[in-house]
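Here is the structure we will look at.
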Number of protein chains: 4
Amino acid sequence: MSPPYKLAARESQPENTVIRVGECRIGGGEPVVIAGPCAVEDEEMMVKLACRLKRMGVHILRGGAYKPRTSPYSFQGLGEEGLRILARAGGTAGLPVITELLDVRQLPEVCRYADIIQIGSRNMQNFGLLREVGRVKCPVLLKRGLSATLEEWLMAAEYILAGGNRQVILCERGIRSFETYTRNTFDINAVPAIKHLSHLPLMADPSHGTGRRELVLPVSRAALAAGADGLMLEVHPCPEKAVSDGPQSLLPDELAKFMGELRATESCRTRVIA
Amino acid sequence: MSPPYKLAARESQPENTVIRVGECRIGGGEPVVIAGPCAVEDEEMMVKLACRLKRMGVHILRGGAYKPRTSPYSFQGLGEEGLRILARAGGTAGLPVITELLDVRQLPEVCRYADIIQIGSRNMQNFGLLREVGRVKCPVLLKRGLSATLEEWLMAAEYILAGGNRQVILCERGIRSFETYTRNTFDINAVPAIKHLSHLPLMADPSHGTGRRELVLPVSRAALAAGADGLMLEVHPCPEKAVSDGPQSLLPDELAKFMGELRATESCRTRVIA
Amino acid sequence: MSPPYKLAARESQPENTVIRVGECRIGGGEPVVIAGPCAVEDEEMMVKLACRLKRMGVHILRGGAYKPRTSPYSFQGLGEEGLRILARAGGTAGLPVITELLDVRQLPEVCRYADIIQIGSRNMQNFGLLREVGRVKCPVLLKRGLSATLEEWLMAAEYILAGGNRQVILCERGIRSFETYTRNTFDINAVPAIKHLSHLPLMADPSHGTGRRELVLPVSRAALAAGADGLMLEVHPCPEKAVSDGPQSLLPDELAKFMGELRATESCRTRVIA
Amino acid sequence: MSPPYKLAARESQPENTVIRVGECRIGGGEPVVIAGPCAVEDEEMMVKLACRLKRMGVHILRGGAYKPRTSPYSFQGLGEEGLRILARAGGTAGLPVITELLDVRQLPEVCRYADIIQIGSRNMQNFGLLREVGRVKCPVLLKRGLSATLEEWLMAAEYILAGGNRQVILCERGIRSFETYTRNTFDINAVPAIKHLSHLPLMADPSHGTGRRELVLPVSRAALAAGADGLMLEVHPCPEKAVSDGPQSLLPDELAKFMGELRATESCRTRVIA
């Protein structure tokens, strides 16, 4: 029986979709690392961090300008000013940038500044938003909903693909389970399952997938070992002062060390496979 | 410790919020019944059904014009034409109408035709949409998200309240659990819990909460017994031909019988309490 | 397609199974109330409470002698001495008693003192235990496992039925979900679903199903309205001093008032149906 | 605040517990692989498979003699005859053996034949069983319950440790979530979390954790990358004829290839870390 997600299905396209962003190829075999703070806070910090990330080998810079927040009283992001800061930091460091789109009305601004548009978990079934990003030429990273099945997730990707935009990147970021020790339950099964069911590239976000700094790197290693095409990581020079997601943000030093380990492992892996 | 949902909290307003819609008072003590098909399909059927519902004592007519569908290839609703049909059917029968708003750009049309705006489960944390309906004068029925905690749900209500719209109705419609026999797990605990935590009226939607016709009326009785202020029920003259949600739609005859039972129970309940 | 639970299925026996315990008939139409403390603590309290419960119309006395506790360092119950106290309290008050069996090796003692053997949630798939209680003549109340599907639960009942013991009572006590406000999520859908799928009587345990005193009675009303054959309630004269489950125990006065309401509602319900 | 699991906590013993079984050291740094069929079926197959597993580098042989089955009508295992076959196969091949204990009454037999006693998911809170295995000298592998939190799991281990048996091995085997594509959701977060919270060795069972053959090896790689001390894998020479768990059983050839990859990766990993 054919799956209901026609364009997203591996059956419809046996070879992997590879998406070029700047100099990197997402889905092209080598793991891609997206990193940055949860929210764009101030320009000086952002530029400095971006340059540091570039030097350690990070491929893409992340940072939220429009933030989906559970409470109307929490910091909601810097808005267009945040987009400008993100783009300047990326430009200075030589890194493409990704940021979240929350509302169809912000599409023009986000398109102006971002190299990849992120659709967050809470909007995975915001069908109006999906249809709009299906009409643009920019790659879209689609996060899995908090309680979305694999099929629902692929159907959400299908909305974008059916609109004509074939540059869809999936991102597993943990599901909601009964476990309370971790913020979410990173669904490692989803990694090989999605690679089996679909030709789309798949990133892993262990920062949201665990919610605890000490678990982020072990789960990052796991995601790559299971076949993920890359990682999306929160990093902050001073997590305890971060306006959001401090407890799950890595320190720049931790990430730098991990990037070194990644290069070494990658060179090993190549030899193991060869 | 004060709850983070300041305006929604029972603490901030000890007496129940009562919302007048047409002749009925939601939260006013007597159970209010909203009924209608999942989607508005054709005018003749809609008018006929509306008149039948009015005669059996239903208070408000429901019907979707913009439908959130998992698949981009499924029927997406009749759009503005659906709104017109719904309003005409309500007008003919003498029933106020409720319909779902999916996208901020449809707010003017929906406001033109609807007496209550519904925010669906998938949009419970579509914060842009919540902010917009926080600025209108129309009552808003806010469904609980598929995997939203009670606190997240009340925080979503807080977005609307904080915008200035105090006419918020909550609606429990089942949560996602491991159980597969039912479409969702109707969270009966949420009924007294929400009435305890908040002054907002609470409706129950056992159609989505169960997904199976034979369970809808028993769970409806349960929700009222637990303290819900009313019910939101899917009814269709010919469920097997419904464009969506057929298996969970009641037949008009079943609903008519239940409305009779409801009146009898209500008169008993009054005597028991008195 | 026939269900895999042959003996438990409604198909195999269209009429309801009715189980006589003392003077009451579980599944016989009138709601049966089982009440008592979580654990048997001391004899004087137990006898006094039992007499009070009898006077207010409770049908069966509950009390744990062997307690399944998450921690090896928590109070594990009084053991056989607890059984003796329970039986004496029941005898003095004129109430049959129910208590939990944890271990096959305690079956002889439990059979000696109890009128109904309870199999707890954690043992729903303790197949050795199920097989043993399938060989005795005593009615067995089988609680649903924390994350058991309806089918798994009915298959567990099937182990007992297949062993020759046809006196099985099911008991819904809440499932584990992502919600943390309540201890468990009482699955109200399960009530009409089980009555539809099986001929076995079904009790509801809103004490464990909610874990919060203020929710116990509203959910009790809901369970009966949905078709449950009775209730199993924790009650304690001094909940803040209870050795376990204090926060979900009703006060005797609350229960007495509820028993009065139940009689009034029941007489109404009879008239509504008639 | 000290954790309630005193003996299991990393705080109480900073260095890892290492458990010797035959020639291997579980928790000693090198990944240990346990493999074999779900159930012991016939002797010839078992001996042949065991020898093949030994040759490919598997460390311990698994096989169920007493099987916990959802249905009373399913194959329940060969019982003591199964234990004898397992022990003979292990003896012939030179492999220690592990098998599941379901019932306290089978403890003497299981102790006679097994090198490690397995406590299955359904019995994680069978406290009588935990107490009994706390008194023996044999290592115990304790699987996580289907919906057990990390704390409940560690508290179950505490029952065994508090009884005097310090040779406890934990085994993550997937939790129950809303996802239906996979049999369970392997909780990769649990791997580094448990290693952080406890000094006990941790095995991973991706066969049950995924329920699908094509996902078993990717999730195995992930578990080791996340820090698991070893793997427990189902393998069957002819999965489509297996009496249980065929769809999740690897073929011997698949496992052999994986064992080779594991040796290569391990030698790389050693160099990366060094």
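The values are calculated or read from the model by the stated rules, or taken from the named source; none is laboratory data. Please read all numbers here as calculations on a predicted model, not as lab measurements. A quick note on method: Cβ atoms are made from the backbone with ideal geometry, for glycine too, and the neighbour counts reach across all protein chains shown. What goes into the accessible areas is simple: the full protein's heavy atoms, side chains included, and nothing from ligands, DNA or RNA. Shrake-Rupley method; radii C 1.70, N 1.55, O 1.52, S 1.80 Å.
How shielded is D:142-154 by partner chains, expressed as the average number of their Cβ atoms within 10 Å of its Cβ atoms?
4
For peptide C:92-103, compute the average count of partner chain beta-carbon atoms within 10 Å of each residue's beta-carbon. Working shown, then result.
Values: counts 0, 0, 0, 0, 0, 0, 0, 0, 0, 0, 3, 8.
Per residue, the average neighbour count from other chains is 1.
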Once the in-chain neighbours fewer than 8 apart are removed, the lysines whose Cα is under 18 Å from residue B:143 read B:67, B:195
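Please compute the net charge surrounding residue B:75, taking Lys and Arg as +1 and Asp and Glu as -1 over other residues with Cβ under 10 Å from its Cβ.
Values: positive: B:67, B:69; negative: B:41.
Neighbourhood net charge equals +1.
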Mind checking which of B:206, B:14, B:139 has the largest fluctuation in a GNM of chain B, springs on alpha carbons under 10 Å?
B:14
What are the label-to-label distances in nm, one decimal and shortest first, from residue D:57 to the same spot in the other copies, with labels 7 Å along Cα to Cβ?
2.5, 7.2, 7.5
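Could you work out the relative contact order of the stretch B:109-171? I mean the mean sequence separation of Cα pairs under 8 Å and 6+ apart, divided by the number of residues, in percent.
On the way: 101 pairs, mean separation 23.6, N = 63.
After rounding, I find 37 percent.
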Taking the convex hull of the alpha carbon atoms in the stretch B:48-196, what volume per residue do you get, in Å³?
140
The stretch C:7-42 scanned against label point 7 Å out from residue C:238 along Cα→C-beta; backbone N under 14 Å for C:41-42
Expressed to two decimals, the stretch C:125-274 has a Cα Rg over Rh, using the Kirkwood radius, of 0.99
Evaluate the distance, in nm, between pseudo-label points positioned 7 Å from the Cα of residue B:180 and of residue D:214 along their respective Cα→Cβ axes.
1.8
Simple spin-label estimate for residue C:261 and residue A:270 in nanometres, 7 Å along Cα-Cβ:
7.2
Could you tell me how far the Cα centroid of the stretch C:223-274 sits from the Cα centroid of the stretch B:208-234, in Å?
21
When chain D is modelled as a GNM with alpha-carbon springs shorter than 10 Å, which of D:239, D:108, D:37 fluctuates the most?
D:108
FRET efficiency for residue C:135 and residue C:74, Cβ-Cβ distance as r, R0 = 30 Å, nearest 0.05?
0.45
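Using a 1.4 Å probe on the protein heavy atoms, what percent of the accessible area of the stretch D:78-171 belongs to carbon and sulfur? Intermediate results must be reported in sequence, preceding the final value.
On the way: 1230 of 2680 Å².
Here it works out to 46 percent.
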What is the distance in Å between the Cα centroid of the stretch C:121-191 and that of the stretch B:98-144?
42
Over the stretch A:19-273, calculate the relative contact order: mean separation of alpha carbon pairs under 8 Å at least 6 apart, over the residue count, as a percent.
18
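Within the stretch D:1-101, list the chymotrypsin sites (Phe, Trp or Tyr not before Pro) lying in a DSSP loop whose Cβ has at most 14 other Cβ atoms in a 10 Å radius. All intermediate terms of the calculation are to be shown ahead of the outcome.
Working: sites: D:5, D:66, D:73, D:75; in loops: D:5, D:66, D:73, D:75.
In loop regions of the stretch D:1-101 (DSSP not H, G, I, E or B), the sparsely surrounded chymotrypsin sites (Phe, Trp or Tyr not before Pro) are D:73, D:75.
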Return the lysines within reach of residue C:257: Cα separation strictly under 20 angstrom, same-chain partners fewer than 8 residues apart disregarded; answer none if there are no such residues.
C:48, C:54
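Counting only other chains, and only Cβ atoms inside 10 Å, what mean value do you get across the residues of C:167-177?
Details: counts 0, 0, 0, 0, 0, 0, 0, 2, 7, 11, 15.
Shielding by partners across C:167-177 averages 3.
Counting only DSSP beta bridges with both residues in the stretch C:19-273, what percent are antiparallel, rounded to the nearest 5? Before the final figure, lay out the partial values.
Values: 4 of 30 bridges.
Within the stretch C:19-273, antiparallel bridges account for around 15 percent of the total.
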Accessible solvent surface per residue of the protein assembly as shown, calculated while the other protein chains remain in place, 1.4 angstrom probe, Å²
35
Please report the accessible area of residue C:143 (heavy atoms, 1.4 Å probe, ligands and nucleic acids excluded) in Å², nearest 10.
10
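Could you compute how much accessible area chains C and A hide from each other, both sides summed, with a 1.4 Å probe? Nearest 100 Å² is fine.
Working: alone 12270 and 12270 Å², together 24260 Å².
What C and A bury together is about 300 Å².
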Exam field: residue D:14 pseudo-label spacings to other copies (7 Å along Cα-Cβ), nanometres:
5.6, 5.7, 7.4
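Calculated from DSSP H runs of 4 or more alone, at -39500 (n - 2.57) each and per residue, what is the 222 nm mean residue ellipticity of the protein assembly as shown, nearest 500?
On the way: 36 runs with 411 residues, N = 1096.
Helices in the protein assembly as shown give a 222 nm mean residue ellipticity of -11500 deg cm²/dmol.
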Treating cross-link reach as a plain straight distance, find the lysines whose alpha-carbon is under 22 Å from the alpha-carbon of residue A:137, omitting any fewer than eight places away in the same chain.
A:6
Shortest-first distances to equivalent copies, position residue A:111, nm, label 7 Å out along Cβ
2.6, 7.4, 7.7
Relative to the compact-globule scaling 2.2 N^0.38 Å, provide the ratio for the alpha-carbon radius of gyration of the protein assembly as shown.
0.95
Can you give the Rg and Dmax of the stretch C:19-273 based on its C-alpha atoms, in angstrom?
16.7, 52
